[in-house]
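Below: one structure, written as structure tokens.
The values are calculated or read from the model by the stated rules, or taken from the named source; none is laboratory data. Please read all numbers here as calculations on a predicted model, not as lab measurements. Cβ sites come from the backbone with ideal geometry, for glycine too, and all protein chains shown count toward neighbours. Just the protein is used for accessible areas: all its heavy atoms, side chains included, with ligands, DNA and RNA removed. Shrake-Rupley method; radii C 1.70, N 1.55, O 1.52, S 1.80 Å.
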Amino acid sequence: MSQTGFFHRHRFATLAVVVLTLLSSLLFGLEALLAWRAPEPAQPTHRAIRLREHKPRLDLDIPMPDQLLRDPDSLAQGSVHLAIDADGFIEPSKVHEEADFTVVFLGGSTTECLWVQEDNRFPFVAGRLLEESGAWEKVNSYNAGRSANHSLHSIAALLGKVLPLEPDVCVMMHNCNDLMVLLLGQTYWSTQIAFRNMIEARRYRESVRSRASDLIRQLFPHILELFSPVQVADELAPLRGREITPDPEFIERNFRRSQVTFVNLCRTWGIRPVLMTQANRITEQLDPQFERLAQTVRHDFGQTYERYYQLYHRMNEIVREVGRELDVPVVDLAAAIPQTKEFVYDPYHLNDAGSRRAAELIAEALRQLPR
């Protein structure tokens, strides 16, 4: 029996490997040469309007943070369930395959109601109350709230994923996030804020490494979580602690424009807009429990609490004014929900009882809309 070597027996496979190795070496060498000669590739960068939403198809139980459980009367103990549908809406969302009435809620964390139990979040409860009242037989109510979003984020969500739903009504609530952004960034388009509206895609030379990192995170998310737990970043950190001279007219003008944009955009697409004021515990005499808010206002904004109190409540008043001027229904949560711990667990956020009360007010307002 003749003896032949491995390479002799597999001469064609060996030749193919050699050719591919040489070709790959040439390509990588050429790429390295071009990168050295031209650090910025002649390839267009991609900028985009950011769609801030929860990760689609997310489903997890989140333990209640210790700092929220100091007052056991305000929030339920234990954890909350957060489930997100395929389009980034907080579930339960599309309760019915075919609905008689569809309403979408836009806003920040005060609409998101993260620390409220799932079946008490007002966007969901309002839909159920409308069905119980007989106003409509089948109601789908979508929660598009996302912590730290301001009104331009909600308008981007309206354009990007709400319009295709062809909702009958769209409800928007904003105040404190817009106020913070306009105070700290002095514009909705600050490039220093992590949750800015515009983002730029990664550079071409960084893409291979970043895509590999993304792939690893998709394949082994739970293992990576053990070594690097996800932490909530302070997205306004780059702008905090500076001397700021607030321009109330500028803040009011821009916030008003944003509210009007929402109203006109809804009407252009045949959707009935509804505005909401933000329930709160921003009282003239600050509750001693919230002394940290006064400290934050002094450090981050360089303002007294009294001045912040005036600016904050002026934002709610602008919402009411836009409603009157443009003949838009306004659900005045700020006026209707008491500023007490029975309904609001911190300066801005509703607890379970407050959320259900908000749902009652919203359902009543929507029932009164002309058919």
- Query: Looking at the range 277-317, which of the residues that are over 23 Å from residue 332 (Cβ atoms) and outside any helix (DSSP H, G or I) is modelled with the lowest pLDDT?
  - Reply: 302
- Message: If I go through the range 301-351 residue by residue, how many of them are more than 19 Å from residue 285 (Cα to Cα) and of a type in the set (S, T, N, Q)?
- Response: 1
- Subset of the range 288-314, residues under 27 Å from residue 351 (Cβ atoms), more than 26 Å from the chain's Cα centre (by Cα) and crowded, with 17+ Cβ neighbours inside 10 Å, comes to 305
- Under the condition of being touching a residue at least 60 places away in the same chain (Cβ under 8 Å) and not small (Gly, Ala, Ser), which residue from the range 291-302 is nearest to residue 244 (Cα to Cα)? 301
- Task: Mind counting the residues in the range 315-342 that are open to solvent by 20 Å² or more (accessible area, probe 1.4 Å), more than 23 Å from the chain's Cα centre (by Cα) and of a type outside the set (Ser, Thr, Tyr)?
- Result: 14
- Just for the range 76-122: of the residues that are charged (D, E, K, R) and buried (at least 23 other Cβ atoms within 10 Å of the Cβ), which one is nearest to the chain's Cα centre (by Cα)? 112
- Task: Please tell me if residue 346 is closer than 21 Å to residue 118 by Cα, touching a residue at least 24 places away in the same chain (Cβ under 8 Å) and either open to solvent by 50 Å² or more (accessible area, probe 1.4 Å) or charged (D, E, K, R) (or both).
- Result: yes
- Note on the structure: Note on residue 68: of the conditions (1) in contact with a Leu (Cβ under 8 Å, 6 or more places away or on another chain); (2) crowded, with 20+ Cβ neighbours inside 10 Å; (3) not polar (S, T, N, Q), unmet is (2)
- Task: Quickly run through the range 243-276 and pick out the residues that are open to solvent by 80 Å² or more (accessible area, probe 1.4 Å) and not in a loop (DSSP other than H, G, I, E, B).
- Result: 249, 253, 257, 267, 268, 272
- Task: For the range 277-287, state whether one or more residues are open to solvent by 40 Å² or more (accessible area, probe 1.4 Å) and either of a type outside the set (D, E, K, R) or within 23 Å of the chain's Cα centre (by Cα) (or both).
- Result: yes
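Just to be sure before I move on: is residue 171 under 30 Å from residue 127 (Cα atoms), part of a strand (DSSP E or B) and either at pLDDT 95 or above or open to solvent by less than 10 Å² (accessible area, probe 1.4 Å) (or both) in the structure I sent?
In short, yes.
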